[in-house]
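Shown next, in structure tokens, is the structure this report addresses.
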Amino acid sequence: MKITLISMLSVVQTPPKSYGGSELLHWQMAKMFSQFDNEVTLIALKGSQTPPKGSLIEIEPLGSYSELNFGREIDRLIGNKAALDAIKSADIVWDCSDYKQGAQYIFDKTNHKRALPYYTNGVYFAYPELHYNCVGESKTHAQMAIQNASGYEGFKFPDAAEMTRGLLMDECEYLYPPVDESDFIYREEFKESYFLTLGRFSEDKGQELVLDIASRLPNEKFVIAGSTEFEGHKAYFEGFIKPLAEKLSNVQLILNPTQEQKRQLLTDAKGTIMPSGLKTGFLESFGVVAVESLLSGTPVIITPLGTLPEIVTNKKSGFVFMNDFQLMNAVFNIQKVKRSDCRNEGKRFNYSECYSRASYLMSKVQKGEYWK
């Protein structure tokens, strides 16, 4: 099958050069489709990698996210002849870009709606009233789209939220982003080391809660690693997280870890803490760090918000907490979780499992069984 996959076309390559989110998931998808003998064309920023047994079409990057807008993406994507030819000739187009203009071109210009707009950048459903075949990152994410196309009340882009508010979809499918289990080092023995928090530095991610717990548990070590590549993340880190962490001898900060560093951090941790949204109400649309941690045999301590409970089973592959007391209790009981249970839970998101689901969705589209 000829598959064209459109990655994010803003400022980050696919896969990212350092710590990455959506673009890393898109790279995993390209690798997955290639592994199952599809002919894959990746449309991504200049400097991205060519998929195994596939091809790459490079798009010039923007200077910053502030330069991203609806019109510019049309020019940069549909205005690129090689990209347009790849979109036209594909059997299936997976459009993971910001404004889904590749998918919209298919819907506007062809009778066969052979595109799947795949939303992997959080709760943001851009212009869903224009799209058929919308796919979210999880069952929770898809349900959020059905309930309200703008995602949720705390949406960070109020203009886009207002445009899409109340435009309900009848149906939105889901596909868990695939994770290559061979990328992670599994150790079954209990790890007498540290608790890890990994993610972009943001109030939504809840790093300050980990610092509060660290101040109360001086005999436990905590590592907080994450991205400060974008201005808002850097300001939050410099103005809030760094000053607090410097007062605690049991906290280590790691900025912008590479993929190799991230792999080792997950392997050596005795637990990963994901306090997303407990303070702000932010909802993780997926939470790939949880899957990566499980594949490393490392249990995950999560909030019950967003998609995280779809990934982690309470008291089997980690713990769920809603307050400080429950978080500290999870820290004290982390050794009760079996590493093998974590690994097995993480395998639910491997290439084989995710490709089975992707094949089902592609088959529906090819048979003309569209949804909207």
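Out of curiosity, is I74 part of a strand (DSSP E or B) and either crowded, with 22+ Cβ neighbours inside 10 Å or modelled with pLDDT under 95 (or both)? For I74, the condition - part of a strand (DSSP E or B) and either crowded, with 22+ Cβ neighbours inside 10 Å or modelled with pLDDT under 95 (or both) - is not met.
Return the residues of segment 341-367 that are crowded, with 20+ Cβ neighbours inside 10 Å and touching a helix residue (DSSP H, G or I) at 6+ places or on another chain (Cβ under 6 Å); say none if nothing qualifies. Passing the criteria: C342, E345, G346, F349, Y351.
Under the condition of being in contact with a strand residue (DSSP E or B) (Cβ under 8 Å, 6 or more places away or on another chain), in a helix (DSSP H, G or I) and more than 27 Å from L24 (Cα to Cα), the residues counted in segment 210-264 number 4. Selection of segment 108-131 for residues being among the hydrophobic types (A, V, I, L, M, F, W, C) and either modelled with pLDDT under 85 or surrounded by fewer than 20 Cβ atoms within 10 Å (Cβ to Cβ) (or both) yields V123, F125, A126, L130. Taken over segment 170-192, the criterion of being modelled with pLDDT under 85 and in the same structural domain as V291 (by TED's automatic domain parsing) is satisfied by R187, E188, E189, F190, K191, E192. Scanning segment 314-340 for residues being of a type outside the set (A, V, I, L, M, F, W, C), surrounded by fewer than 17 Cβ atoms within 10 Å (Cβ to Cβ) and either closer than 23 Å to T140 by Cβ or touching a Cys at 6+ places or on another chain (Cβ under 8 Å) (or both) gives a total of 5.
The values are calculated or read from the model by the stated rules, or taken from the named source; none is laboratory data. Values in this document were obtained by computation on a predicted structure and should not be read as measured data. Counting neighbours? That spans all protein chains shown, and the Cβs are built from the backbone with ideal geometry, glycine included.
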